[in-house]
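J.: Starting off with a structure, shown below.
Values in this text are rule-based calculations from the coordinates and carry no lab data. Nothing here was measured: the structure is a model prediction, and the numbers come from that model. All Cβ positions, glycine included, derive from the backbone under ideal geometry; neighbour counts span all protein chains shown.
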Amino acid sequence: MPPAISMYDRVAMAEIQVGASAFSAAGWENAFHPAGINPAEFLTYHATEFDTVEVDSAFYRTPSAATVKGWARKASDNFIFCLKAPRLITQETQLADCDERFENFVRTAELLGDELGPMLSHFGCFNRSVFSTGARFIARLKPFFKKLPIKRHFALAFRNKNRLTVEFFDLSREIEVACTLTDQSRIPRAGGISEKFDPTIPAFTYIRLLGDRKGIEQQTKISEKVIVDDSKQLRGWVDACDRTNRLAWKRSRT
């Protein structure tokens, strides 16, 4: 007789999707991509190895409708695209007077249909000349994200750890916009965040394992071998994700 599975264990079996922060990058040929592969097939190949991708190119400008439709054709069924919102919206104008631009970005992304996953807004450090206090930053975030389409998922990423406050996570849950859990220098890892805050929202969790990119690229820009063994650190991420999942389960029971 199979062992009994608790209600928490059933929740803990939530689907996990894994991908890279792009489907092509310098140094990937002969390391990730097969030798001689046509660049036009990079995405198709990526979709055979992973089930999602974060499209970093959208950060530099909203892609054309033709480009987005082309992505959908090249990926397999059930593949998920996570598009980064353009930096013109998130970093250059800091969400001010950009409703029309953001609506255009969302409309374009929605051409992916069921293959569209969370849309990521990546904010810069924002020194005091931009937002003198965290409260001013939240005051800018709240009305903007309350206007987002309810049927879509959105996530936020930060380079400034000072934006990670109780007030921010309260707002994140109120508007159901996820705060990404990020492995990157100067940002607290998931364990540190979950010990101080409750980072969960009901729909999903968005994790970005970026690491010390600058440090790695000082050693090599060709990804053909292991440069840093993160096995121990990844174990810590698994534990932190388990704690996050338990928090989400407890909230669903209250």
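J.: Starting from 0.36 nm per residue, how many nanometres of slack lie between K147 and V166 once their C-alpha separation is accounted for?
T.: Value of the extension gain: 4.6 nm.
J.: If you don't mind, there's one more thing I want to ask. Any idea how far apart R61 and R140 come out in nm if each label point goes 7 Å out from Cα toward Cβ?
T.: The answer from the label model is 2.4 nm.
J.: Amide H of S121: which non-local residues (sequence gap of 5 or more, or other chain) have their own amide H closer than 5 Å, using H built in the peptide plane?
T.: A85, A155, L156, A157
J.: Still on this structure, I have one more. Counting other Cβ atoms within 10 Å, which GluC sites (Glu not before Pro) in the range 14-48 have at most 10 and lie in a DSSP loop?
T.: Qualifying residues, ordered by number: E15.
J.: Quick one: net charge of Q17's neighbours, Cβ under 12 Å, K/R +1, D/E -1?
T.: After counting each charged neighbour, the total is -4.
J.: Could you tell me which residue out of P86, A96, T108 lies farthest along the dipole of the range 33-147 toward its positive end? Charges go on the beta carbon: Lys and Arg +1, Asp and Glu -1, centred on the Cα centre.
T.: The one lying farthest along the dipole's positive direction is A96.
J.: With θ set to phi - 60° and the Karplus curve 6.51 cos²θ - 1.76 cosθ + 1.60, what are the ³J(HN,Hα) couplings of the range 75-88 in order, to the nearest whole Hz, using x for Gly and Pro?
T.: 3J(HN,Hα) across the range 75-88, in whole Hz: 8, 7, 4, 6, 6, 10, 9, 10, 9, 7, 5, x, 5, 4.
J.: Then there is this: Where in the range 23-43 is the amide nitrogen less than 13 Å from a point lying 7 Å along the Cα-to-Cβ axis of R73?
T.: Residues 41 qualify, since their backbone N sits under 13 Å from the label point.
J.: Right, another one. With a cut-off of 8 Å between alpha carbons and a minimum separation of six or more residues, what is the relative contact order of the range 16-252 in percent?
T.: Contact order relative to length: 16 percent.
J.: Let me ask another. Lysine pairs in the range 16-252 8 or more apart or on different chains: how many have alpha carbons under 20 angstrom apart?
T.: Within the range 16-252, the lysine pair count is 13.
J.: Sticking with this one: Run through the range 27-58 and list the chymotrypsin sites (Phe, Trp or Tyr not before Pro) located in a DSSP loop whose Cβ has at most 16 other Cβ atoms within 10 Å.
T.: Sites meeting the loop and neighbour criteria: F50.
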